[in-house]
Amino acid sequence: MRWENLSGDGSAVNPALFGTDVVTRTFNTPEFSGITFHEVRARSIVNRVPGASRMPFEWTVNPYRGCSHACVYCFARGTHRYLDLDTGAGFDSQIVVKVNAPELLRRELGSSRWRGQHIAMGTNVDCYQRAEGRYRLMPGILTALRDYTNPFSILTKGTLILRDLDLLRSAAAVTDVGISVSVGFTDEELWRTVEPGTPAPERRLDVVRTLSSQGIPCGVLMAPVIPFLSDSPAQLRTTVRAIAAAGATSVTPLALHLRPGAREWYMQWLAKHHPGLVRHYEGLYADGAYAPKWYQRRITRQVHELADEYGIGPASPGTHRRIEVHPDRAPGTGTAQEEEPDAPHCTQLTLL
């Protein structure tokens with residue numbers, strides 16, 4: 001089936017991106033209401049990051065494009081332009097599913113050209129978004145990574161990662177595995193409007209709590225810290241305190257950034273929900289996608305001071321751990337070995 005008028009505005013996806021063998025589906029269930037899935041057979045699945053020399057990780061796997069989490073600030077919105085799809089509602093509701101991702105990954109990992117480099121997942125869109133509950137691509141992906149003892153990391157807002165807890169444990173027994181959960185704030189009213197398709201912040205912190213109790217260290221990417229909405233000293237303290245209580249090994253703050261595609265959608269949301277802040281944002285982001293350095297430094301300093309106060313550690317951002325899981329030990333009793341903070345799979349979090 002060819003792509004035709006999938007964005008709802010008369011535009012069409014460029015079939016040359018995936019070939020013409022595309023199947024489009026909708027599902028008559030409440031959790032997938034209004035979402036269209038486009039099943040493709042990808043030509044490759046391990047992708048090198050453009051400008052990799054400037055990045056803390058070089059290789060990624062993204063089984064999906066588009067994301068039903070519908071975070072209004074998502075930096076990846078601009079990538080939907082490459083599909084001739086809308087970067088606003090289209091990004092939230094037109095989801096590309098690379099149905100052959102597990103088998104393709106296994107083939108690429110087994111290639112003589114592959115050198116076993118670290119692979120980061122969740123760096124573009126969430127691999128544990130709602131679609132994963134139906135398509136179940138991650139178990140095959142994790143199994144392939146485990147079987148080839150290939151190091152990897154996952155960043156997610158999804159609680160569905162707990163479904164694959166046994167696979168994560170078995171992979172962590174043979175290779176380096178890094179898990180981080182994204183929780184930028186704990187304000188439920190803000191969450192409902194800015195991240196409407198995600199699990200609640202407290203549920204995400206439950207993921208951290210569960211992984212930690214099972215012997216899998218989990219860090220938190222505190223992102224985004226949203227200017228004027230989640231960045232007061234009291235709000236930062238509340239969030240860091242909750243992260244510490246969940247047992248996170250580290251907390252990495254990141255101020256909101258607004259790349260093209262995301263900027264337009266976010267500013268539209270801001271004008272609707274917080275019109276009095278529009279002028280302030282136009283000033284704060286006048287020089288581009290990123291908040292001024294002084295603002296970023298202030299947020300980082302405040303969060304790190306709070307992390308020290310609440311005893312988050314011993315791992316710091318950039319430190320990674322390998323879990324030694326022994327078959328004769330009960331779950332959660334594996335040992336962790338700290339390594340030097342030069343591992344790419346934790347510092348990758350600074351991008352999102």
Long-range HN-HN contacts of Ile154 with modeled amide H, under 5 Å: Met121, Gly178, Ile179, Ser180
Over the alpha-carbon set of region 149-237, work out the extent along each principal axis and list the three values in angstrom, largest first. 44, 21, 21
Could I have the simple spin-label model distance between Arg48 and Ser33, label points 7 Å from Cα toward Cβ, reported in nm to one decimal? 4.6 nm
What does the extension gain come out to for Lys293 and Leu162, with contour length at 0.36 nm per residue minus their alpha carbon separation? 43.5 nm
Compactness check, region 196-317: C-alpha Rg relative to the 2.2 N^0.38 Å globular estimate gives 1.15
FRET E, pair Thr149, Ser112, Förster distance 22 Å, beta-carbon r, rounded to 0.05: 0.85
Over region 85-167, what is the relative contact order in percent, taking alpha-carbon pairs closer than 8 angstrom and at least six residues apart? 36 percent
Based on the alpha-carbon gyration tensor of region 81-210 and its eigenvalue square roots a ≥ b ≥ c, which shape applies: rounded if a/c is under 1.5, prolate if not and a/b is larger than b/c, or oblate? oblate
Cα coordinate range in region 77-142, projected on the principal axes (Å, largest first): 40, 24, 17
More than 18 Å apart - percent of Cα-Cα pairs taken over region 189-257: 38 percent
Residue by residue, what Karplus-based ³J(HN,Hα) values in Hz, rounded to whole numbers, does region 161-174 have, using 6.51, -1.76 and 1.60 with θ = phi - 60° and x for Gly and Pro? 4, 5, 4, 9, 4, 4, 5, 4, 5, 5, 5, 5, 6, 10
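Read-outs: derived from the displayed coordinates by stated rules, not from any lab. Fair warning: this is a prediction, and the values are worked out from it, not measured in the lab. Cβ atoms come from the backbone with ideal geometry, glycine included; neighbour counts cover every protein chain shown.
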